[in-house]
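The values are calculated or read from the model by the stated rules, or taken from the named source; none is laboratory data. Note that the coordinates shown come from a computational prediction; the quantities given were computed from them, not determined experimentally. With ideal geometry, Cβ positions are generated from the backbone for all residues, glycine too; neighbour counts draw on all protein chains shown. The area values use the complete protein model at the heavy-atom level, side chains included, leaving out ligands, DNA and RNA. Shrake-Rupley method; radii C 1.70, N 1.55, O 1.52, S 1.80 Å.
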Amino acid sequence: MDSLLAPSSTSSFPSLNNNSNSRIKHNSLPSSLGFFNLRKFSTVSFGYSRRSCRLRLSSSRRSKIKSSTSPTMSSSASPEIPQPKIVNGPGGYVLEDVPHLSDYIPDLPVYSNPLQDNPAYSVVKQYFVHVDDTVPQKIVVHKNSPRGVHFRRAGPRQKIYFDSDDVHACIVTCGGLCPGLNTVIREIVCGLFHMYGVKKVSGIDGGYRGFYAKNTVHLDPKVVNDIHKRGGTILGTSRGGHDTSKIVDSIQDRGINQVYIIGGDGTQRGASVIFEEIRRRGLKVSVAGIPKTIDNDIPVIDRSFGFDTAVEEAQRAINAAHVEAESFENGIGLVKLMGRYSGFIAMYATLASRDVDCCLIPESPFYLEGPGGLFEYIERRLKENGHMVLVIAEGAGQELLSESLQSMTQKDASGNRLLQDVALWISQRIKDHFSKERKMTINLKYIDPTYMIRAIPSNASDNVYCTLLAQSAVHGAMAGYTGFTSGLVNGRQTYIPFYRITETQNKVVITDRMWARLLSSTNQPSFLCPKEILEDQGHEESSNELLDNGKCSPN
């Protein structure tokens, strides 16, 4: 697919022989060649689809591409909407590119990448990612459909925009805990130190407010050597505390020129605001995000780090609930798992366990009483098997709680809606129903492992994933990219613009095959009437269609 964009024999860079000691001289290449090659592209647009300003480019105008606006950001003023960098190519090809320092800072010095002299990379046939390499967001397409949306492939570039001796990087963790946080911190530090020779890396203590309220922590490979074996984050974390002006002032005063921000959608939204303020001030500072959420609700990316660990640890709680339930007559094991808006942990843990009889998630409405309700299904399973295991995500069934309208208006420091404990409420309703209405003795055991799951160290799979995310972020920042999130798309590491990460949330599609697999595994009812299923399927089909320009339908 990438060969249609530019043949491998025509690169924007001079050929590099792995056996040669040749190096790119300082300032020997125009800085604009570092972020994309426009020979094969028909148009480049800056802006959203309804507000795009398209520029016809000739060969004499390829050297510089700048955004027409510089959004002004402050803690008191509302931010302007940043303009995405869109590149259109043949066959409906759309590249949603990430910003580059050369977009707003002219005549940047260019340096050769020290990886070409790194013994660890001496066995690699191709040191650097090709300038035209991109990754498609959607890999299943029809024969005549457009090529669709792509993202820039992550990895080391042939030239970099920072002298290693001048780099002062900082790392900050925000929001809730997640398995793998310390691994990401470790690999950013070791990647900067071992791959690029960066010696000055600082840790911001206590989340965003740590930029202006606390001292920094010096980080080096010796300090972070064993932190991946521990849960939590050695830098501390917090919610809220985002004051854009104070944060950017601190970055400027401390001489920081690379900022690595690890956090969920709210944290990435804050990172986007920080990037816009840095761009407005014209600072040579790269802002790179690493998406973190145990709920796996960040869009575009395949999965978030820590998710595999969370699912694996959830198995222990489900297994304990199953043992308790089958050991008593009419035993019910009820397990509450994390999932504020998305039920991925509950769904995958249920599929992996095979001991679960019913899984309730926020995306799938359900009801308690009446024909086809939860109570009727529980009674049937108890009569058939003598026991039952029920898994519920923390955000499921919130509308059923008597005080739900009041809780809808209350939010935490990160802007997340405060939830009531639906699992405790449902467990009490189950007890009341069977003891008072059905005159049936049950033994219900309630297990809540939510904070135990997110506080443990990451497993082997997540450790590898964290390494890839961290090293990709380091490569991108050194190459001059900024305002991006490092993420896995279709099995490839990519650079994704901040706005794509924060524009929506990833949710379980209850008319998708994965949810159907769960229903067939548990034999639970879908709690949807046929009319609702048909409506959801029609909506999903329309939302997955690609338009002629390769973009997804706005519906």
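What the table below lists for this structure:
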| quantity | calculated |
| --- | --- |
| Of all residues in region 427-449 being part of a loop (DSSP other than H, G, I, E, B) and in contact (Cβ under 8 Å) with a residue 12 or more places away in the chain, the one that is least open to solvent (accessible area, probe 1.4 Å) | 449 |
| One residue from 273, 223, 259 being more than 26 Å from residue 310 (Cβ to Cβ), of a type in the set (A, V, I, L, M, F, W, C), without any contact (Cβ under 8 Å) to a residue 40 or more places away in the chain and out of contact with any Gly (no Cβ under 6 Å at 6 or more places or on another chain) | 223 |
| Given (1) surrounded by fewer than 20 Cβ atoms within 10 Å (Cβ to Cβ); (2) assigned to a loop (DSSP other than H, G, I, E, B), index of the condition residue 237 fails | (1) |
| Exclusive hit being open to solvent by less than 10 Å² (accessible area, probe 1.4 Å) and in contact with a helix residue (DSSP H, G or I) (Cβ under 8 Å, 6 or more places away or on another chain), set 375, 344 | 375 |
| Residue within region 125-133 that is touching a residue at least 40 places away in the same chain (Cβ under 8 Å), on the phi > 0 side of the Ramachandran plot and surrounded by fewer than 22 Cβ atoms within 10 Å (Cβ to Cβ) present | no |
| Test: residue in region 215-222 that is modelled with pLDDT of 95 or more, over 17 Å from residue 473 (Cβ atoms) and among the acidic types (Asp, Glu) | yes |
| Residues satisfying the stated conditions in region 275-310, i.e. under 19 Å from residue 474 (Cβ atoms) and open to solvent by 20 Å² or more (accessible area, probe 1.4 Å) | 284 |
| Which numbered condition residue 200 fails, given (1) free of Cβ contacts under 8 Å to residues at least 40 places away in the same chain; (2) open to solvent by less than 50 Å² (accessible area, probe 1.4 Å) | (2) |
| Residue list for region 318-341, filter: open to solvent by less than 10 Å² (accessible area, probe 1.4 Å) and at pLDDT 95 or above | 318, 321, 325, 331, 332, 333, 334, 335, 337 |
| Members of region 462-511 that are closer than 14 Å to residue 303 by Cα and in a helix (DSSP H, G or I) | 462, 463, 464, 465, 466, 468, 469, 501 |
| Enumerated strands (runs of 3 or more DSSP E) restricted to region 286-384, each holding at least 1 residues that are closer than 30 Å to residue 166 by Cβ and not polar (S, T, N, Q) | 286-291 |
| Residue that is at pLDDT below 95 and either in contact with a strand residue (DSSP E or B) (Cβ under 9 Å, 6 or more places away or on another chain) or not charged (D, E, K, R) (or both), where the choices are 159, 143, 200 | 159 |
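The rows are residues; the columns are (1) of a type outside the set (Gly, Ala, Ser); (2) open to solvent by less than 10 Å² (accessible area, probe 1.4 Å).
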| residue | (1), (2) |
| --- | --- |
| 473 | no, yes |
| 476 | no, yes |
| 490 | yes, no |
| 495 | yes, yes |
| 503 | yes, no |
| 514 | yes, no |
